[in-house]
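Values in this text are rule-based calculations from the coordinates and carry no lab data. Because the structure is a prediction, the values reported are computed rather than measured. As a convention, Cβ positions derive from the backbone with ideal geometry for all residues, glycine included, and neighbour counts pool all protein chains shown.
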């Protein structure tokens, strides 16, 4: 597979749901790039002291996060 420059206009969002926590949020989404195979994406954003959101490495998840993310992952699977 050849890898070129990423073109955001070719990235199609099929499904997306945001799960809100006290100081962070996790987004579960399904995307298709250039009408290719649908793929699951999970991302985390943390809220700064200024109230601004910034992306962070998803890394490890707390039990309460996993309990809320798994049902959304199952929902996203229906869109794949």
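Below is a table of values for the structure above.
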{"quantity": "Restricting segment 65-80 to residues that are surrounded by 10 or more Cβ atoms within 10 Å (Cβ to Cβ) and free of Cβ contacts under 8 Å to residues at least 40 places away in the same chain, the residue that is nearest to residue 14 (Cα to Cα)", "calculated": "77"}
{"quantity": "Output for segment 2-18, where each listed residue is without any contact (Cβ under 8 Å) to a residue 40 or more places away in the chain and surrounded by 10 or more Cβ atoms within 10 Å (Cβ to Cβ)", "calculated": "10, 11, 12, 13, 16, 18"}
